1. Given the options Leu95, Leu136, Leu109, name the one that is in a strand (DSSP E or B) and within 28 Å of Leu49 (Cβ to Cβ).
2. Scan (1) within 30 Å of Leu172 (Cα to Cα); (2) loosely packed, with under 15 Cβ neighbours inside 10 Å for the single condition Leu79 breaks and write down its number.
3. Limited to region 122-133, what total is found for residues that are part of a helix (DSSP H, G or I) and either crowded, with 20+ Cβ neighbours inside 10 Å or β-branched (Val, Ile, Thr) (or both)?
4. I'm checking my understanding of the structure. Among residues of region 134-161 that are of a type in the set (A, V, I, L, M, F, W, C) and touching a His at 6+ places or on another chain (Cβ under 8 Å), which one is nearest to Ala196 (Cα to Cα)?
5. Kindly provide the set of residues from region 93-103 that are of a type in the set (A, V, I, L, M, F, W, C) and either under 19 Å from Ala144 (Cα atoms) or crowded, with 24+ Cβ neighbours inside 10 Å (or both), ordered by number.
6. Under 15 Å from Ser29 (Cα atoms), in contact (Cβ under 8 Å) with a residue 60 or more places away in the chain and in a helix (DSSP H, G or I): which single residue out of Leu271, Leu261 fits that description?
7. Out of the residues in region 177-208 that are acidic (Asp, Glu) and in a helix (DSSP H, G or I), which is surrounded by the most Cβ atoms within 10 Å (Cβ to Cβ)?
8. Might you check whether a residue that is buried (at least 24 other Cβ atoms within 10 Å of the Cβ) and closer than 29 Å to Trp272 by Cβ occurs anywhere in region 157-176?
Amino acid sequence: MTITTPASQSSSEAILCAVIGNPVSHSRSPAIHQQFALQTKLPVRYNRLPAELDQFVPTVTRFFAEGGKGLNVTVPFKLEAWQIAREHLSVRATLAQAVNTLWLQNGALHGCNTDGIGLVMDLQRLALPLQGARILMIGAGGAARGVIGPLLDAGCAHLHIVNRTPARAHALTAAWPREHLPRANSLSAGGLTEAAHAQGWDLVLNASASSLSDAAPEVPSGLYAAGGCAYDLMYAAEPTAFMRQAQADGAQQAHDGLGMLVGQAAESFYLWHGVRPETGSVLRMIRAELDASRAKHP
């Protein structure tokens, strides 16, 4: 997809970036990128960009035609973003078939998926099991697509994906290129009732949308190996329903996805601006804001 842009801006003008989604009013991305801009002393102006469900492409085209630099893409548009940037995709986006980061380069729209990198960075920060780990992932939508490759690259021994509609999980794993599997049996799929493992899972990831409605996924109990941990790709001021479920089921630790959000934002920032920001202080700031909102509205 090619877009005609205005003449080059001076280095002192604001660099326009945004997050596009529906809904998008809740997004913490503007606060995160504002902190990155202060760190790097770049004149970034980052906004929320709502789009009607049938207006994603016109909204994206208008944003870049008016001088926009980069877009983060959130639900429900990651597959559409992959479609419009498919002539210029990163390897991560090609494998995921979902895009959360868009930018223009030589007039052409480019796309990448930074979700998986953000997740792996946060799992490493938390010292959660990765290398040689048995990992269960609940959900087979756009969020799951973006993290499969980085999880396999991080050295997990086996990744099992389950979904409320088993056919979606099977289709996702069947479409994964065999040449990008470390071993023939490193990726499998099933329904929610097939989530159990005889030895338990070292790490259980919730990539479903269940936490948006404060509901736990309908998986059997006894999922966790000794020392097994849980991670919800969603985040909230309170522990999510999945986190509460995991703790009741014996998970040693349960974390939400705020660190993943900051990590994927940092990777997007690097793709757009060529500078890699520090994430620890930004994560602490956003967490403090969430804690303050919980104290204000108990």
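1. Leu109
2. (2)
3. Going through region 122-133 one residue at a time, the tally reaches 2.
4. In this case the residue turns out to be Leu136.
5. If the condition is that a residue be of a type in the set (A, V, I, L, M, F, W, C) and either under 19 Å from Ala144 (Cα atoms) or crowded, with 24+ Cβ neighbours inside 10 Å (or both), then Ala93, Leu95, Ala96, Ala98, Val99, Leu102 are the ones that fit.
6. From the options Leu271, Leu261, the qualifying one is Leu261.
7. In this case the residue turns out to be Glu194.
8. No, region 157-176 contains no residue that is buried (at least 24 other Cβ atoms within 10 Å of the Cβ) and closer than 29 Å to Trp272 by Cβ.
The values are calculated or read from the model by the stated rules, or taken from the named source; none is laboratory data. Small disclaimer: the values here were computed from a predicted structure and weren't measured. Note that each Cβ is placed from the backbone with ideal geometry, even for glycine, and that neighbours are counted across all protein chains shown.
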